[in-house]
Amino acid sequence: MNKGKGIYPCIWLLKGNAVRGFDNDEVVSVDPAELVRSYAASGADGVILFDRSKGDAEHDAAIDLIRKICEEGGIPVIGAGNIRRMEDVKKLIYAGCEMAALNLSKESNRLLAREVCERFGKDRIAGCYRSAEKLEKEWDKLAPWLSMRILLDEENTENTVNTENNEKIAESAAAIPVIALVEEASGEALSARLADEQVAAVSGNGVNRLTFEGEDSLDKLRAQLKADGIPMEEHKKAAFAWSDFKKGPDGLLPVVVQEDATDQVLMVAYMNEEAYNLTVETGKMTYYSRSRRSLWVKGETSGHFQYVRSLYGDCDMDTLLARVVQIGAACHTGSHSCFFNQVQAPKMSARRAASTADVLREDYRTIIDRRENPKEGSYTNYLFDKGMDKMLKKLGEENTEIIIAAKNPGENEIIYEIADYLYHLEVVMAEKGVDWDDVTRELVRRQKKES
């Protein structure tokens, strides 16, 4: 989360639907992914998902739904519910959740906090609790392992620790920012909660109801809160103004649109100043149609919206690259990409393989950067600090998990475990000074030997 305060609607998932609350099965939406997209469009900074599923089959279906939400929603996701062990946290993180939130009412989860923190990093772990729960003596132990706490009722944060009897424990709790669930749907109620220094964001049904007051309702609420003196997240600021770009003779800026998840080029379009500003402000790709001479929001009629992941200007600042989450097809023909008329494609398989190699190289560079520029709470730095024995132990464990996953039905589990294994392998490679180019050269050498 950013330094400013945030607005995080929440969704309770039950049998594939979004329902009203922890104990309320009233269906709010039969399409939770679309609901999250609407929250993103209304200006939400993120969303909290509480999984209320029962049984393994229902839980696995919920994880698949959470993965879809993370891929298509366009905003960060905090996943909670049904966490009992390391594997449950792993499923949420690998599904794409920014954070996993443990239910702190369970002693087993309070003990689990350290283990999952050491595995995934402090910045990926949160804890849910109610103010009535007797956690006073636990906060000093939990503080090193949690980066966020989610308060599930409306009790004031200062009442969640016994400040009179133990100032040290109070300080430990205060060091962990709070997301507070609010029931009242009013700007005044949210302003009052966010005025608390410990509260980093608001969530709950109060926030949910406000999102239905219009597509830009949360943007308007954010402006109101800023007017009240609340420092809000500025996730929609652009590093460059429209005037910083070099436009064509028609005053327009060409935009190359690329799918963030696959690197596939989807389309090319144009922006004028208003389209650029709306794209930055709303997080949805907005263009200027040269034929109709008017603005158009991609997906406004088809539902095939494009949600911004990042915007880059090229070296000459005369073209914009937009990396997006594409909902449905990008092309009006129904094709996922507009680029489907093959003109020439020599060595197609080699180019596809290079895309995979680029991903691995980028992961490796990130690991090297983390070693050279340590980050507090980073699991990668934890492994480097512990040394080779710990790295090899984890590599062996992940290898075993691949074997177990291969025996289980379905393909998602083994994909996760292979990716996990490759990460730990890269850490060992970094420690030994071996990179992917070294491995590639050896594979090429073997191919030549076999040919």
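On each of the three principal axes of the Cα atoms of the stretch 242-326, give max minus min coordinate, whole Å, ordered largest first.
Over the stretch 242-326, Cα extents along the principal axes are 31, 29, 22 Å.
Give the distance, in whole Å, between the Cα centre of the stretch 113-138 and the Cα centre of the stretch 1-78.
Distance between centres, Cα-based: 21 Å.
For a quick size check, give me the Cα extents of the chain along its three principal axes, largest first, whole Å.
Result, largest extent first: 73, 60, 41 Å.
List the pairs from K5/K137; K5/K220; K220/K284; K54/K91; K90/K394 whose alpha-carbon separation is above 21 Å, in the order I gave them. Present the calculation step by step, with values, prior to reporting the outcome.
Values: K5/K137 28 Å; K5/K220 15 Å; K220/K284 17 Å; K54/K91 16 Å; K90/K394 14 Å.
As for pairs spanning more than 21 Å Cα to Cα, those are K5/K137.
Report, as a whole number in µm² per second, the diffusion coefficient that Stokes-Einstein gives for the stretch 364-451 at 10 °C and 1.306 mPa s using the Kirkwood radius over alpha carbon pairs.
Values: Rh = 14.5 Å.
So the translational diffusion coefficient is about 109 µm²/s.
Using just the C-alpha positions of the stretch 6-227 as equal point scatterers, what log10 of I(q)/I(0) does the Debye formula give at each q in 0.11, 0.13, 0.17 1/Å?
-0.51, -0.71, -1.22
What distance in nm separates the two pseudo spin-label positions at A227 and R371, each 7 Å out from Cα along the beta-carbon direction?
Result for the modelled spin labels: 5.4 nm.
What does the charge count near V27 come to, summing +1 for each Lys or Arg and -1 for each Asp or Glu among other residues with Cβ under 10 Å from its Cβ? All intermediate terms of the calculation are to be shown ahead of the outcome.
Numbers: positive: K15, R20; negative: D25, E26.
Surrounding charge for V27 is 0.
For the chain, what does -39500 (n - 2.57) per DSSP helix run (n ≥ 4), summed and divided by total residues, give at 222 nm, in deg cm²/dmol to the nearest 500?
On the way: 15 runs with 189 residues, N = 451.
After summing the helix terms and dividing by residue count, I get -13000 deg cm²/dmol.
Got a sec? Charge dipole of the chain, +1 on Cβ for Lys and Arg, -1 for Asp and Glu; which of I367, S191, N277 is way out at the positive end?
Checking the options against the dipole of the chain, the answer is I367.
Which distance in nm do the two modelled labels at I403 and K220 give, with both placed 7 Å along the Cα-to-Cβ direction?
Reported label-point gap for I403 and K220 is 6.1 nm.
Would you work out the relative contact order for the chain, in percent, from Cα pairs under 8 angstrom that are 6 or more residues apart?
Values: 758 pairs, mean separation 49.8, N = 451.
Computed over the chain, the figure is 11 percent.
Using per-residue counts of other Cβ atoms within 10 Å, averaged over each peptide, order 120-127, 389-396, 421-428 from highest down. If you can, show how the numbers build up before the last one.
On the way: 120-127: 22.6, 389-396: 14.9, 421-428: 18.6.
So the order, starting with the most tightly packed, is 120-127, 421-428, 389-396.
On a straight-distance basis, which aspartates and glutamates could pair with K247 in a cross-link, Cα separation under 14 angstrom, same-chain partners fewer than 8 positions away excluded?
List returned: E273, E274, D314, D316, D318.
Given R₀ = 45 Å, what would the calculated FRET efficiency be for E115 paired with L295, taking r from the Cβ atoms and rounding to 0.05? Kindly include the intermediate steps, with their values, before the conclusion.
Details: r = 51 Å, r/R0 = 1.13.
E(calc), rounded to 0.05, equals 0.30.
Which residues in the stretch 93-111 place their backbone N less than 14 Å from a point set 7 Å from the Cα of E133 along the Cα-to-Cβ direction?
It comes to 101-111, nothing else.
State to the nearest 20 debye the size of the charge dipole of the chain about its Cα centre, where the only charges are +1 on K and R beta carbons and -1 on D and E beta carbons.
On the way: 60 positive and 77 negative charges, 272 e Å.
In total the dipole reaches around 1300 debye.
In the chain, what cysteines have no partner Cβ closer than 4.7 Å?
Lone cysteines by the Cβ rule: C10, C70, C97, C117, C128, C315.
Order of 368-381, 272-285 by packing, highest average Cβ count within 10 Å first?
On the way: 368-381: 14.7, 272-285: 19.6.
Highest mean packing first, the order is 272-285, 368-381.
Quick one: compute the contact order of the stretch 348-450, relative version, from alpha carbon pairs under 8 angstrom and 6+ residues apart, as a percent.
This gives 30 percent for the stretch 348-450.
Distance from a point 7 Å along Cα→Cβ of E34 to each backbone N in the stretch 299-343: keep the residues under 19 Å and list them by number.
299-307, 326-330
Express in nm, to one decimal, how much length is gained between L321 and D263 on full extension, taking 0.36 nm for each residue of separation and deducting their alpha carbon distance.
Values: separation 58, 0.36 × 58 = 20.88 nm, distance 1.15 nm.
Separation in residues times 0.36 nm, less the Cα-Cα distance, equals 19.7 nm.
Computed from the coordinates by the stated procedures, all read-outs in this text should not be read as laboratory data. None of the values given here were measured: they were computed from a predicted structure. Cβ atoms come from the backbone with ideal geometry, glycine included; neighbour counts cover every protein chain shown.
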